[in-house]
Amino acid sequence: MQTKHYELDQYYRFSPFARNWLATAGVMNLAEQKQCYWLLDIIASYAQQLNKMSTDYMLVIEVRLTGNDGAIFTIEHEVNGKKERLITQEIEHTTLTQPITIWSLAQGDSNAKAVLLLPSEY
């Protein structure tokens, strides 16, 4: 299997269903290394709903592992250090061995682009 190489300082479209959303090289490399492109698909499936937010926002997207090869996917909205859970989805099976955290930063108009990034890229 050939590994893709994503260039630093570049942004990547990761789904036609999330046209206004971009991902950093770090997020794309994570998806490649962990074989978790499904995570980007889940995020894209909620993009239209999240695009309706009317203010600038920061989202914290997490995959927390459960005991039976499963995981819990959550998206939280963070404002002034206070988190509000927007989305929770159970993942029945994953091969991930570590939890994942991704941030999304966006300007809150419907034409704005949201950028997915790793906390270390902030």
Tell me which residues, restricted to the range 37-61, are out of contact with any helix residue (DSSP H, G or I) (no Cβ under 8 Å at 6 or more places or on another chain) and buried (at least 16 other Cβ atoms within 10 Å of the Cβ).
I42, I43, A44, Y46, A47, L50, N51, M53, Y57, V60
Of the conditions (1) surrounded by fewer than 16 Cβ atoms within 10 Å (Cβ to Cβ); (2) at negative phi, D9 satisfies every one except a single condition; which number is it?
(2)
Take the range 59-78 and flag every residue that is without any contact (Cβ under 8 Å) to a residue 24 or more places away in the chain and under 18 Å from A106 (Cβ atoms).
T74, E76, E78
Does A23 satisfy the criteria of being aliphatic (A, V, I, L, M) and assigned to a helix (DSSP H, G or I)?
no
The range 61-85, residues that are in a strand (DSSP E or B) and either modelled with pLDDT under 95 or charged (D, E, K, R) (or both):
E62, R64, E76, H77, E78, V79, K82, K83, E84, R85
Just to be sure, is E90 surrounded by 12 or more Cβ atoms within 10 Å (Cβ to Cβ), in contact (Cβ under 8 Å) with a residue 12 or more places away in the chain and more than 19 Å from S15 (Cβ to Cβ)?
no
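One line per residue, one yes/no per condition, for (1) among the hydrophobic types (A, V, I, L, M, F, W, C); (2) more than 23 Å from L96 (Cα to Cα):
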site	(1), (2)
L8	yes, yes
N20	no, yes
L40	yes, no
Q48	no, yes
W38: passes all of (1) modelled with pLDDT under 95; (2) of a type in the set (A, V, I, L, M, F, W, C); (3) part of a helix (DSSP H, G or I) but (1)
Test Y122 against the criterion of being crowded, with 17+ Cβ neighbours inside 10 Å and either in contact with a Phe, Trp or Tyr (Cβ under 6 Å, 6 or more places away or on another chain) or at negative phi (or both), and give yes or no.
no
Picking from Q33, Q49, which residue would you name as being at pLDDT below 90 and in a helix (DSSP H, G or I)?
Q49
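The values are calculated or read from the model by the stated rules, or taken from the named source; none is laboratory data. Computed from a predicted model, the values in this text were never measured in an experiment. Quick reminder, even Gly has a Cβ in these numbers, built from the backbone with ideal geometry, and neighbours come from all protein chains shown.
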